[in-house]
Amino acid sequence: MSRPRILVVEDEPAIADTIVYALSTDGFEPHWCATGGAALEAARSQPYALAVLDVGLPDINGFELFKQLQQVDRGLPAIFLTARSSEIDRVVGLELGADDYIAKPFSPRELAARVRTVLRRVQRPAAGPAPATGAFEVDDERKLVRFRGRALDLSRTEYRLLKVLVERPGRVFSRDELMERAWDDPASAFDRTVDAHVKALRAKLRDVAPDEDPIVTHRGLGYSLSEDVR
C-alpha cells in the first residue's frame, strides 16, 4: 500500500529534517521544499495528500502560499507551522480553510499525529447526499452546497459548518456545538474562529442573493438557518 505523500515547506533545515524523519517513521512519504516557489513546482508535478506549511518563508507568506496551492490542487489539506502564537494568526490561517495550526516549538510526533488525524477526516467515507432544504441543496458525496441553484465555493470547514445549519433549519446551534460538529478537533478552534467562518459564509451567500441573509445570529446563544428561506 502506497505511503501518503506529504509536502513539507520549511526554510529551516534543522526543523525540516526533524519533521521529515518523524513523518517517514510514521508511515508517510515526506517531500521537503525550503521555499514557496519550490513547493508550487512540486505541487504541479505530482499530487500530495497534505501540506505542512511554515508561515514565515523567505520568498512568500505561508498564508499566500496556501491560497496559491489551492489553485493548483483545490481541496489540498494543510497544517500551518509558525513561530507566532497570536490569536489573529490562528484566525487568518483557519479562516483561509487550513485544517490545523501548530505553534513552534512543537513535538514532531505531535505533528505526525495531527497529520494522521487530518487525513482520517478528509478521507472519511461519505454518508450519502443530504436532502435539499428550501433554497439549499447539499451533495455530501461531492462535498458541495448549492444555494439558489449555484454551487458555492467553500473551504472544507465552511462546507461542514453550512451543512450542519442546513440540515436543521431553525435549530439554534451554540458555538461549542458547531465546533463539535464541524471541526474534527474542536479543541483547536475557539469562538472567534466560528464567527469568522460564519462571516465568510454570509459573504459567499450574498454573492448569490444580495438581499438575503439566511444565517441568523442569536446573541449570546449561537447561529441558526432561517426557516423562512424557501
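Readers should treat all values here as calculations from the given coordinates under stated rules, not as data from a laboratory. This structure is a prediction, so every number in the text was calculated from the model and none was measured. So basically every Cβ, Gly included, is an ideal-geometry build from the backbone, and we count neighbours across all protein chains shown.
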| task | State the Cα centre-to-centre distance between segment 11-27 and segment 137-178 in whole Å. | result | 36
| remark: Between residue 14 and residue 59, Cβ-based FRET efficiency (R0 25 Å, step 0.05) works out to 0.80
| Distant-in-sequence amide H partners of residue 52 (H built 1.01 Å from N, under 5 Å) | 7, 8, 9, 79
| request: May I ask you to derive the FRET efficiency for residue 167 and residue 107 from their Cβ-Cβ distance with R0 = 30 Å, giving the value to the nearest 0.05? | output: 0.25
| query | Between residue 122 and residue 202, what length comes free when the chain is fully extended (0.36 nm per residue of separation minus the Cα-Cα distance, one decimal in nm)? | reply | 26.4 nm
| Using the Karplus equation 6.51 cos²θ - 1.76 cosθ + 1.60 (θ = phi - 60°), what ³J(HN,Hα) coupling, rounded to whole Hz, does each residue of segment 46-53 give in order, writing x for Gly and Pro? | 7, x, 10, 7, 6, 10, 10, 10
| said: Given points 7 Å out from each Cα along the Cα-Cβ axis, report the residue 150 to residue 221 separation in nanometres with one decimal. | reply: 3.0
| message | Tell me which trypsin sites (Lys or Arg not before Pro) from segment 1-81 have a DSSP coil assignment and no more than 12 other beta carbons within 10 Å of their own. | response | 74
| field | Whichever lysines have a C-alpha closer than 22 Å to that of residue 143, once near sequence neighbours (fewer than 8 apart) are set aside | value | 67, 163, 199, 204
| query | Normalized C-alpha radius of gyration of segment 1-52, against 2.2 N^0.38 Å? | reply | 1.06
